Amino acid sequence: EKGNYRHYMQKEIFEQPTVVAQTLSSYIRPLEQQVALPQMDFDLADVKRITIVACGTSFYAGLVAKYWFEQFARVPVDIDVASEFRYRDPVLEAGGLALFISQSGETADTLAALRHAKAEGQKIAVVVNVPTSSMAREADLLLPTHAGPEIGVASTKAFTCQLAVLAAFAANLAVKKGRMTRAEEQEVVQHLTEAPAALNAALAHDDDIAAMAHLIAPARDVLYLGRGPDFPLALEGALKLKEISYIHAEGYASGEMKHGPIALIDEAVPVIVIAPSGPLFEKTVSNMHEVMARGGKVVLISDADGIAEAGEGCMATIEMPKVHPLIAPLVYAVPVQLLAYHVACAKGTDVDQPRNLAKSVTVE
Ligand code: F6R
């Protein structure tokens, strides 16, 4: 089943170009250059607010999607982890769409949150990888990912497929809301179509990342920094590292560094900076320099332009292909997954079955 791979997680990381393409093929009409969603019995144009609810890695996909829904469709988005949402008595007004994201479609807190939102009169959309799951059955709008079975406990390919669906969903909502022109929609389709090749280009750096794992493996703490739609990737990178390598890691918005976490920085704390070149790059680089000035060891994940501009003085750099900002969160997921994977292998932990974790959390 694992073929030439050592672990399911590794196999699933490498499947991403294929399964993201597979997933996108149900949400894109290539000839018309349009995004398309399955049939639904309500009008997306009427949606006034979106409430996103999920757990873990699926929650981080939701955090990325919040940027897209607000940027493209100008629809306000609330987002919560399911265990908080279900007990905080959220305000759910008429015209609201509640969106649940889950690989398994069975996570107990997310399912309970879905039922609560439904009882409160929200339209229910779900992004799930298991089409026969409870969440899929209870949805008004089912948006499947086609990642195939995910066996490694740490979620990888489900995450990038969730992002692909959510990007198409946000674009479609923007079209329905009259916020996106035909030409802009065609551009979105173009960028999404480029994602599988960009994922392949990212995977080509597997050996470089494996070779630097020994720089991270001895650390007790690791920080991940990112900005804008790449901030959730910092959270995801930290989660992946802690769950499979048992190294304590935290993800922070780059701009939050000076509000506390910078106190942790010394030579023993590697800082992974996720920063594609672009409008926010300068800001992140200045946060990176604050880290370096305190002896922090930086691993910069960026494209050739970003590395040329700011790679000097870094402990290591990981070069990503230059991609449109829309697909950057998908592409930059690859190096954070691979880094966690190779660090865990260097430490000899059980990558596919990390201690204390279960694949599907069906108890709260
Ligand atoms: C992290 C991980 C978990 C899941 C979370 C939600 O690698 O796998 O954080 O993302 O338990 O699971 P689903 O998506 O099945 O609801």
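Phi angles across segment 177-194 convert, under the Karplus curve 6.51 cos²θ - 1.76 cosθ + 1.60 with θ = phi - 60°, into 3J(HN,Hα) values of 8, x, 9, 10, 6, 4, 4, 5, 4, 4, 5, 4, 4, 4, 5, 5, 5, 7 Hz, Gly and Pro given as x. Prolate is the label for segment 39-112, because a/c, from the alpha-carbon gyration tensor with a ≥ b ≥ c as root eigenvalues, is 1.5 or above and a/b exceeds b/c. Hey, quick one: spin label on Thr193, modelled 7 Å out along Cα-Cβ, who in segment 136-165 has an amide N within reach, i.e. under 18 Å? Only 164-165 fall inside the zone, counting backbone N under 18 Å.
Spin-label pair Ala293-Ala217: with each label point 7 Å from Cα along the Cα-Cβ axis, the two points sit 3.5 nm from one another. Of the beta bridges in the chain, as assigned by DSSP with both residues counted there, near 5 percent are antiparallel.
When the pairs Lys118/Lys177; Lys66/Lys347; Lys66/Lys242; Lys2/Lys242 are compared against a 31 Å limit on Cα-Cα distance, Lys66/Lys347 fall above it. Surface listing: Cys345, Cys161 arranged by accessible area from highest to lowest gives Cys345, Cys161, probe 1.4 Å. Using Cβ point charges alone (K and R +1, D and E -1), the dipole size of the chain about the Cα centre works out to roughly 420 debye. Overall size of the chain from C-alpha positions, given as principal axis extents largest first: 56, 45, 44 Å.
In this structure the amide hydrogen of Lys297, modeled in the peptide plane, comes within under 5 Å of the amide hydrogens of Val269, Val271, none closer than 5 places in sequence on its chain. Loop-located GluC sites (Glu not before Pro) in segment 1-62 (DSSP state not H, G, I, E or B) with no more than 12 neighbouring Cβ atoms inside 10 Å: Glu1, Glu32.
For segment 232-273, applying the loop criterion from DSSP together with a ceiling of 16 other beta carbons within 10 Å to the GluC sites (Glu not before Pro) yields Glu267.
With both labels modelled 7 Å from their Cα along Cα-to-Cβ, the His259 to Ala210 distance reads 4.1 nm. Across segment 72-217, Cα-Cα pairs more than 23 Å apart make up 48 percent of the total.
Our coupling estimate for segment 282-298, obtained by passing each phi through the Karplus curve with A = 6.51, B = -1.76, C = 1.60 and θ = phi - 60°, is 3, 5, 5, 4, 5, 5, 5, 5, 5, 5, 5, 4, 9, x, x, 9, 9 Hz, Gly and Pro reported as x.
Within segment 1-63, the chymotrypsin sites (Phe, Trp or Tyr not before Pro) that combine a DSSP coil assignment with at most 16 other C-beta atoms in a 10 angstrom radius are Tyr5, Phe42.
Within the listed set Arg88, Arg294, Arg137, the residue fluctuating most in the Gaussian network model of the chain (springs between alpha-carbon atoms under 10 angstrom) is Arg88. For the options Thr181, Thr349, Thr156, a Gaussian network treatment of the chain with springs between C-alpha atoms closer than 10 Å singles out Thr181 as fluctuating the most.
Once you order the gyration tensor axes a ≥ b ≥ c over the Cα atoms, which shape class does segment 317-364 get: rounded for a/c under 1.5, otherwise prolate or oblate by comparing a/b with b/c? Each step should come with its number before you reach the end.
On the way: a/c = 5.30, a/b = 1.57, b/c = 3.38.
It comes out oblate by the Cα gyration axes.
Considering the chain as a Gaussian network with a 10 Å cut-off on Cα pairs, which listed residue, Ala45, Ala154, Ala113, attains the greatest mean-square fluctuation? In the Gaussian network model the winner is Ala45.
The values are calculated or read from the model by the stated rules, or taken from the named source; none is laboratory data. What you see is a predicted model; the values in this text were computed from it and never measured. Neighbour counts are summed over all protein chains in view; Cβ atoms, including those assigned to glycine, are modelled from backbone coordinates with ideal geometry. When the accessible area is computed, the model is the full protein with side chains, heavy atoms only, and any ligands, DNA or RNA have been set aside. Shrake-Rupley method; radii C 1.70, N 1.55, O 1.52, S 1.80 Å.
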